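S.K.: The structure that follows is given in the form of structure tokens.
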Amino acid sequence: MAKYKPQHARLLFIDKQIREKRFPNCSTLAEEWEVSIRTIQRDLDYLRYELNAPLEYSAKHRGYCYTEEQYQLPAINIRESDLFAIYLADKLLGQYEGTPIYDSLRSVFSKIEDSLPEKVATKPGNDQSLFTVFAPFSTVILPEVFATVLDCLRTSTRLEIEYRRPGAAAVRRQIDPYHGVRFEGDWYVVGYCHLRCEIRTFSLARMATAKKRKERFVVPEDFDFRRLSASQFGIHWGTGEVEVKIRFTSGAAAYVRERQWHPSQTLEDSPDGSLVLSLTVNHLLELQRWILSWGAMAQVLEPPSLVEEVRNTVQGMAGFYLKG
């Protein structure tokens, strides 16, 4: 049976043979691995020139040895599943192309690729036939804004921004950025707003300008983003929690079961094939939008306030199509 032949496996084997003073040579290794002598020579060249191994041929023993007794090959014991995971990460990286952070991520990933014994192993088979990643719709962020926000996050420095909410005039604010969030194609920063004197969430796409100030801050010990966002449905959150129940028709029930929509969710089947989804959230804005995206396949049961909001929205939408 032919041996499993990825280069990193051969390198580990060669390294072990040398450290155990077995003095392997090209002929014995080629026979052992059922590859050509030229392939083994390339492996030895990789050890010597890429990994800086103190490799030397011993004429006395007719094989290779290390000139430094304590030398050991750097850790490269990567499974094929690991290599495939790197390949997938490379594909997923593509969804950030065109965003300010893409070049930095691409640079880091290239360094990871360069550290692998055999870079081609991260691109198995016909690359295009395995996976395609469709990027989410992304907001437009000024590169200088993105860079300044990241710098202030990293250095815990106050940030001064000119912030434009839809339909409102721009307002200059100073914020202490605590935490960055990527959500559905947009980038956000969560921090203390000195204008409102409370923790707020700001979209980087709505920042017309961003300036790093001199003031430094310390993130409060009681700030815990996971706790803060535990009951959220989307990027927004409030202070109180609301239990919501939504009935999905039998046609939508199977699709609803396929996903974990919220950590608190419970599912209840009905005799007619419909399904009731219950969850507890602390903000209703994005949940309402999500419910409306299901059209006539979803009906809000509780709370009454959300039922009323959805009803008013549906009636308003109907008005656009019933005219004339």
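The values are calculated or read from the model by the stated rules, or taken from the named source; none is laboratory data. All figures in this text were calculated on a predicted structure; none of them were measured in a lab. Methodologically, a virtual Cβ is constructed for each residue, glycine included, from the backbone with ideal geometry; neighbour enumeration extends over all protein chains shown.
S.K.: Would you pick out the residues in the stretch 181-190 that are more than 13 Å from the chain's Cα centre (by Cα) and over 8 Å from Ile235 (Cβ atoms)?
M.R.: Result: Val189, Val190.
S.K.: At pLDDT 90 or above and under 26 Å from Asp186 (Cα atoms): is that true of Thr313 in this structure? Explain how you work it out, then say what you get.
M.R.: Details: at pLDDT 90 or above: yes; under 26 Å from Asp186 (Cα atoms): yes.
Yes.
S.K.: Regarding Gly273, is this residue among the small types (Gly, Ala, Ser) and at positive phi?
M.R.: Numbers: among the small types (Gly, Ala, Ser): yes; at positive phi: yes.
Criteria met by Gly273.
S.K.: Go through the stretch 102-131 and give me each residue that's at pLDDT 75 or above and surrounded by 14 or more Cβ atoms within 10 Å (Cβ to Cβ).
M.R.: Those that are at pLDDT 75 or above and surrounded by 14 or more Cβ atoms within 10 Å (Cβ to Cβ): Tyr102, Leu105, Arg106.
S.K.: Hey, among the residues in the stretch 26-59 that are aliphatic (A, V, I, L, M) and outside any helix (DSSP H, G or I), which one's surrounded by the most Cβ atoms within 10 Å (Cβ to Cβ)? Quick ask: steps written out before the conclusion?
M.R.: Of the residues in the stretch 26-59, the ones aliphatic (A, V, I, L, M) are 29-30, 35, 37, 40, 44, 47, 51, 53, 55, 59.
Applying the additional criterion that residues be outside any helix (DSSP H, G or I) yields 35, 51, 53, 55, 59.
Working: Val35: 18, Leu51: 15, Ala53: 23, Leu55: 20, Ala59: 7.
The qualifying residue surrounded by the most Cβ atoms within 10 Å (Cβ to Cβ) is Ala53.
S.K.: Looking at the stretch 232-324, what strands (runs of 3 or more DSSP E) fall wholly within it and have at least 3 residues that are buried (at least 16 other Cβ atoms within 10 Å of the Cβ)? Lay out the reasoning, then the answer.
M.R.: Working: elements: 242-248, 266-269, 275-281, 298-302.
The strands (runs of 3 or more DSSP E) meeting that bar are 242-248, 275-281, 298-302.
S.K.: Could you run through the stretch 132-157 and say how many residues are of a type in the set (Val, Ile, Thr) and at pLDDT below 90?
M.R.: Within the stretch 132-157, residues that are of a type in the set (Val, Ile, Thr) and at pLDDT below 90 number 5.
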